[in-house]
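One structure is given here, and the rest of the page talks about it.
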2 protein chains.
Amino acid sequence: MTPTITAFERSPDRGRGLARDMRIRWTLEELGLPYQVRTLSFAELKQPPHLARNPFGQIPTYEDGQQTLFESGAIVLHLAETHPGLLPGDSHARMRAIAWMFAALNTVEPPVFERSLTEVLEREEPWHAQRAATLDQRVHWRLSELSRHLGDADWLDGDFSAGDLLMVTVLMRLERFGMVNDYPNLAAYMARATARPAYRRAFEAQLQTFLSGEAERDSTPRS
Amino acid sequence: MTPTITAFERSPDRGRGLARDMRIRWTLEELGLPYQVRTLSFAELKQPPHLARNPFGQIPTYEDGQQTLFESGAIVLHLAETHPGLLPGDSHARMRAIAWMFAALNTVEPPVFERSLTEVLEREEPWHAQRAATLDQRVHWRLSELSRHLGDADWLDGDFSAGDLLMVTVLMRLERFGMVNDYPNLAAYMARATARPAYRRAFEAQLQTFLSGEAERDSTPRS
């Protein structure tokens, strides 16, 4: 059965690929798996049918007729565990790749997400510049540690893994701030990851979803 | 070989059990596994021996002679995967428990941690009250969703799992703010979890580590 994932009907990033369904699309493309997408309005996210999929009313979710899952990290892990390609076979290397998945989501993403959120929620506040500078520092600590670890390697630990995939989707959120460019090896890491054919296919698919939503809106009388 | 975890030499929370080594101690106690603790000063966290364990220089880490791991979520998952007791045997229920692990760390912890961080970093700022109120709202959204999901169940999905364990350690950070008390079922959930003998043993152990560090400091000439 072709799995179904959920995504925003109209992505707030206007097709830049920052919404978390991108993680699942990219994973499915890396693994060569077909999928379909159910798009949801912001109102639908908080209604019972979707809350049954995800108690927090977020996207993405995953359904394949046997398993319904929420949390992008868990969905990527489930797919990577059940299909070859994104986790090493050796049990120790496998756990290290999983550690990088958690590092992406629990160590790197929180300050990156706060940095991005302050632009949305606090941009008009007189203290925005002060707070942005503090957050920049928190993000740079993480980026410098990540850059030191990566060194001149291609990927975080051996071959490209689900850990790299999640880390790259987290770092993409910094694109508008240009911070990654201060670390040439991280910029090259991002370029290497986003040049992967599976990434390109996933990016184009989420862009098409956004453009279809826009086209539909343009042809619908505004209420 | 008895595994070794790392913890702060002098926990900034003064023994309240909020540092992330508590997650690993509790997991090991639930699984009935002995362990030893290597305490590290803040300076030692950022030096090469520890950076080889964790590129971000954080605690906790885990070493058992075969596997060295960082990220509390990954360590809990590794232990729960290799010993019975914290993940269901059924593959679908197992993945749902893992989804709750990610929900604890990637959906609930970020706003909870920011709420706690603003008390440390921004308490003297004239805009602290405004920011605290915004963060309170973000935390309450998550708590109300969690409370609605939990209903009158004992645990988040079936039996107590690694997902509950991580969620409880995240919610503990809200204790000083009293927010959980607005949700009687979540307060009861916390009481149920922290009454578990394994939790009590883990809590006492981290408290003793803190008190030993204090005693050592009192008997050491200050430099």
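Any chance segment A:179-189 includes a residue that's acidic (Asp, Glu) and touching a residue at least 60 places away in the same chain (Cβ under 8 Å)?
Taking every residue of segment A:179-189 in turn, none turns out to be acidic (Asp, Glu) and touching a residue at least 60 places away in the same chain (Cβ under 8 Å).
Within segment B:131-140, can you find the residues that are surrounded by 13 or more Cβ atoms within 10 Å (Cβ to Cβ) and more than 21 Å from the chain's Cα centre (by Cα)? It would help to see each step written out before you state the result.
Kept after step one, since they are surrounded by 13 or more Cβ atoms within 10 Å (Cβ to Cβ), are these residues of segment B:131-140: B:131-132, B:134-136, B:138-140.
If the condition is that a residue be surrounded by 13 or more Cβ atoms within 10 Å (Cβ to Cβ) and more than 21 Å from the chain's Cα centre (by Cα), then B:131, B:132, B:134 are the ones that fit.
So is residue B:96 within 21 Å of residue A:114 (Cβ to Cβ), part of a helix (DSSP H, G or I), within 12 Å of chain A (Cβ to nearest Cβ) and open to solvent by 30 Å² or more (accessible area, probe 1.4 Å) or not?
So residue B:96 fails the test.
Would it be correct to say that residue A:153 is aliphatic (A, V, I, L, M) and part of a helix (DSSP H, G or I)?
no
Can you tell me which residues in segment A:26-45 are open to solvent by 30 Å² or more (accessible area, probe 1.4 Å) and over 14 Å from residue A:8 (Cα atoms)?
A:29, A:30, A:32, A:33, A:34, A:35
Tally the residues that are surrounded by fewer than 21 Cβ atoms within 10 Å (Cβ to Cβ), touching a strand residue (DSSP E or B) at 6+ places or on another chain (Cβ under 6 Å) and facing chain B (nearest Cβ under 7 Å), restricting the search to segment A:46-89.
The total comes to 0.
Could you say whether any residue in segment A:15-26 is among the β-branched types (Val, Ile, Thr), free of Cβ contacts under 8 Å to residues at least 60 places away in the same chain and within 20 Å of residue B:145 (Cβ to Cβ)?
Among the residues of segment A:15-26, not one is among the β-branched types (Val, Ile, Thr), free of Cβ contacts under 8 Å to residues at least 60 places away in the same chain and within 20 Å of residue B:145 (Cβ to Cβ), which makes the answer no.
For residue B:21, all conditions in the list (1) open to solvent by less than 60 Å² (accessible area, probe 1.4 Å); (2) farther than 21 Å from residue B:174 by Cα; (3) in contact with a helix residue (DSSP H, G or I) (Cβ under 9 Å, 6 or more places away or on another chain) hold save one; what is the number of the exception?
Among (1) open to solvent by less than 60 Å² (accessible area, probe 1.4 Å); (2) farther than 21 Å from residue B:174 by Cα; (3) in contact with a helix residue (DSSP H, G or I) (Cβ under 9 Å, 6 or more places away or on another chain), residue B:21 violates only (2).
Residue B:168 - would you say it is among the β-branched types (Val, Ile, Thr), out of contact with any Leu (no Cβ under 9 Å at 6 or more places or on another chain), part of a helix (DSSP H, G or I) and touching a residue at least 12 places away in the same chain (Cβ under 8 Å)?
The answer is yes for residue B:168.
Restricting to segment B:88-102, name every residue that is of a type in the set (A, V, I, L, M) and touching a residue at least 60 places away in the same chain (Cβ under 8 Å).
B:93, B:97, B:98, B:99, B:101
In this structure, is residue A:119 open to solvent by 20 Å² or more (accessible area, probe 1.4 Å), away from chain B (no Cβ under 12 Å) and at negative phi?
Judged against the criteria, residue A:119 is a match.
The values are calculated or read from the model by the stated rules, or taken from the named source; none is laboratory data. Given the structure is predicted, the values throughout are model-derived calculations rather than measurements. Glycine gets a Cβ as well: all are built from the backbone with ideal geometry, and neighbour counts include every protein chain shown. In case anyone asks, the SASA skips ligands and DNA or RNA and just uses the protein heavy atoms, side chains included. Shrake-Rupley method; radii C 1.70, N 1.55, O 1.52, S 1.80 Å.
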